[in-house]
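Read through the structure below, which is laid out as structure tokens, and then see the notes.
The values are calculated or read from the model by the stated rules, or taken from the named source; none is laboratory data. All figures in this text were calculated on a predicted structure; none of them were measured in a lab. Don't worry about glycine lacking a Cβ; one is built from the backbone with ideal geometry, like all the others, and counts go over all protein chains shown.
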Amino acid sequence: METTYISAKEAATKWGISQRRVAVLCSENRISNATMVGNMWLIPKTALKPEDARLSEVNSKQIKPFIKWVGGKTQLLPEIRKFYPFSPRITKYAEPFVGGGAVLFDILGSTDLQEVYISDLNSELINSYIVIRDSVTELLGILQQKQNEYLPLDSEKRKEHFYAQRDNFNKLKHTPSEDNRIIRAALMIYLNKTCFNGLYRVNRRGDYNVPMGAYKQPLICDKENLLSLSKKLQRVKIQQANYKEVDSFADENTFVYFDPPYRPLTKTANFTSYTETDFNDAEQLELAGFIKNLSSRGCKVLASNSDPKNADKNDNFFDNAYSGLNIHRVQASRMINSKGSSRGKISELLISNY
Ligand SMILES: C[S@@+](CC[C@H](N)C(=O)[O-])C[C@H]1O[C@@H](n2cnc3c(N)ncnc32)[C@H](O)[C@@H]1O
């Protein structure tokens, strides 16, 4: 059968990488049967995107989020990686809805970037990132102590321990200061490791209200991972801020990944309590406008969200909001709802301007 070929440009679009990267992969012999004709690479139409050597290295380093986070992207990483647009030109990365940082840590583990900026509205989360970056030794000391206290206890005593730490966290959370920033970060991590399903959720008053979980041997003090993360975060700019603040960082050399609170698929599936405020449809639309503006300034932009078509195939909310950008539908396993019946494969949106 005769082989059909596509150009490097077409392969670049298909695989979500730069044309230059395709040329490099061809010259390194990493795309089987790619041929140079004149000064152009021809690539068999059926060729698969080669695994990125820089990314396999990450797996061996195994840095991972220090906290479980609703909407965490660990499961979706294989799909998201296909869209990393790093190239000699794209040397800066920004993630303005960083959450647990699954994508951030994947990128920090695989790519040497000139500048990285992260932000989130959640002040306790951002405090934890800053403490891991600047005061990891003190943090590890407290976490080790909490782990030594907690693990030997029986379930009744564990419960007492958990609720005492939760009360303390809520007290300190309302009186944040330079003096209590390390203990707040330690309590945040402790609670995440010992609470129900590793959730972070607050009520309207801003009180963390997740009940105790049932993990038998939670690793409260993951020393090795926290030390690696601390090293990786050294040159990262970390801000408690609204996503719009990314505006002053992003330029034509920047890849910006937006992972806002997802638009709920159904009214009952609503989870938007990462902070005291919600992220409603008006804000989704405002964000879409903001992303389009960054796109017109030459940034590489990628955004993720839920696909409303899972619940109603006629719902074109995001197709309309992001018209003019590329909308990809990818398969993901969602874990938002703790009920087994609400888990399973559904489609999610990845929206890019490249
Ligand atoms: C879907 S989560 C991000 C999850 C992350 N990608 C991960 O892998 O864990 C959305 C995040 O946006 C944050 N957030 C909500 N509204 C925001 C706003 N206006 N500006 C910045 N961050 C916001 C929430 O606190 C939450 O951490």
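Computed values, structure above
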| item | result |
| --- | --- |
| Tally, over segment 69-101, of residues that are over 19 Å from Ser123 (Cβ atoms), among the β-branched types (Val, Ile, Thr) and within 9 Å of the ligand (Cβ to nearest atom) | 1 |
| Residue in segment 63-80 that is at pLDDT 90 or above and loosely packed, with under 12 Cβ neighbours inside 10 Å present | yes |
| Single match in Leu199, Leu187 (criterion: of a type in the set (A, V, I, L, M, F, W, C), within 28 Å of Pro261 (Cα to Cα) and at pLDDT below 95) | Leu199 |
| Selection from segment 166-193 of residues that are part of a helix (DSSP H, G or I) and over 20 Å from Tyr129 (Cβ atoms) | Arg166, Asp167, Asn168, Asn170, Lys171 |
| Qualifying residues in segment 204-258 (those that are within 29 Å of Ser18 (Cβ to Cβ) and without any contact (Cβ under 8 Å) to a residue 12 or more places away in the chain) - the one nearest to the ligand (Cβ to nearest atom) | Ser248 |
| Out of Leu139, Leu104, sole residue that is within 16 Å of the ligand (Cβ to nearest atom), out of contact with any Cys (no Cβ under 7 Å at 6 or more places or on another chain) and not in a strand (DSSP E or B) | Leu104 |
| Residue match in segment 38-59 (condition: modelled with pLDDT of 85 or more, under 16 Å from the mean Cα position of the chain (by Cα) and assigned to a helix (DSSP H, G or I)) | no |
| Output for segment 123-173, where each listed residue is β-branched (Val, Ile, Thr) and without any contact (Cβ under 8 Å) to a residue 60 or more places away in the chain | Val131, Thr137, Ile142 |
